[in-house]
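The structure appears right after this line, and notes come after that.
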Amino acid sequence: MGLGTKLAEGLLEMVYPTRCAGCDLPGGVLCDECRARIAFIEAATACSRCGAPFGWLICTECWDRELAFSQAVSVGTLEHPLSRAVTVYKDAGERRLAGTLAELLAQAVEPWRDWASVVTYVPATARARNRRGFDHAAEISATLASALVVPHATLLTRRRALDQRLLGRLERLSNAEGTFEAIASVQGDVLLVDDVLTTGATVQDAARALTEAGADEVRVVTVARAW
Ligand SMILES: [Zn+2]
Ligand SMILES: [Zn+2]
């Protein structure tokens with residue numbers, strides 16, 4: 001970095017100090033205190049299949065569900081300050097948080113080190129991408145992939161949402177089949193990244209599309225979990 005750039009950054013920092021996404025105090029993008037307050041999901045008590053926080057022995061969330069992915073983990077539950085960090089990153093445009101969020105994801109997938117052949121993400125809707133000017137999950141998954149030293153690829157696209165009213169009954173059925181489709185053939189083990197796991201339906205759909213396109217196994221990692 002040149003002296004001029006450093007100077008400009010220093011001045012900018014004096015006028016608009018970086019604020020913590022959790023507590024708003026000047027300093028880093030997520031201060032140490034807020035980081036310590038994250039409601040982390042402990043692997044020792046979580047469901048080893050769907051990642052539910054207290055499902056280690058019997059998981060009431062997934063025991064009767066067929067899942068298109070083999071395992072899922074999340075950094076923490078969708079609570080403050082993780083929830084605010086996700087919102088500040090996505091909707092307030094604090095893109096420097098991508099590094100912090102990817103670092104938290106890397107810790108969450110530490111037990112899967114060297115497992116993935118490729119890292120991909122759940123693509124945002126075109127509307128959300130246009131509004132924000134970037135694809136939020138793409139950025140954190142690319143950062144995660146480079147931290148893991150695993151190739152990163154865009155493998156999924158959202159099917160164009162057709163207006164249900166204009167379709168016949170059969171067409172309506174197939175239009176409801178899945179939100180995502182693979183844009184390339186997929187090989188090996190795929191690590192699928194998303195920001196928040198809500199009902200699990202989105203990653204379920206995305207994982208199914210990846211498996212149908214040839215993935216051997218799909219595992220999911222999300223920053224937060226609401227389900
Ligand atoms: Zn803070
Ligand atoms: Zn479970």
Relative to the chain, whose Cα atoms define the longest principal axis, helix 97-108 and its Cα axis are tilted in degrees, nearest 10, by 60 degrees
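Based only on other Cβ atoms within 10 Å, what is the fewest-to-most ordering of LYS6, LYS90?
Working: LYS6 10, LYS90 22.
Ascending number of Cβ neighbours within 10 Å: LYS6, LYS90.
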Which of PHE180, PHE40 comes first, and how do the rest follow, when ranked by fewest Cβ neighbours within 10 Å? PHE40, PHE180
So the compactness index of the range 25-158, its C-alpha Rg divided by 2.2 N^0.38 Å, takes the value 1.11
With all pairs of different alpha carbon atoms counted, what Kirkwood hydrodynamic radius in Å does the chain show? 18.8 Å
Where does the Debye-calculated log10 I(q)/I(0) of the range 68-118 sit at q = 0.18, 0.23, 0.27, 0.31 Å⁻¹, using only Cα point scatterers of equal weight, no solvent? -0.69, -0.94, -1.07, -1.19
Calculated [θ] (222 nm, deg cm²/dmol) that DSSP helices of n ≥ 4 give over the chain, each run adding -39,500 (n - 2.57): -10000 deg cm²/dmol
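Show me 107-114, 148-155 ranked by packing, highest mean number of other Cβ atoms within 10 Å first. Mind dumping the intermediate values first?
Numbers: 107-114: 13.2, 148-155: 16.8.
Most protected by this proxy first, the peptides run 148-155, 107-114.
When Rg is the radius of gyration of the Cα atoms in the range 1-91 and Rh is its Kirkwood radius, what does Rg/Rh come to?
Details: Rg = 19.1 Å, Rh = 15.8 Å.
In the range 1-91, Rg relative to Rh is 1.21.
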Would you mind ranking ILE183, ILE140, ILE58, ILE38 by Cβ crowding within 10 Å, fewest neighbours first? ILE58, ILE183, ILE38, ILE140
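Here, each number is a calculation from the coordinates, and none is a lab measurement. Being a predicted model, the structure only gives us computed values, none of them experimental. Methodologically, a virtual Cβ is constructed for each residue, glycine included, from the backbone with ideal geometry; neighbour enumeration extends over all protein chains shown.
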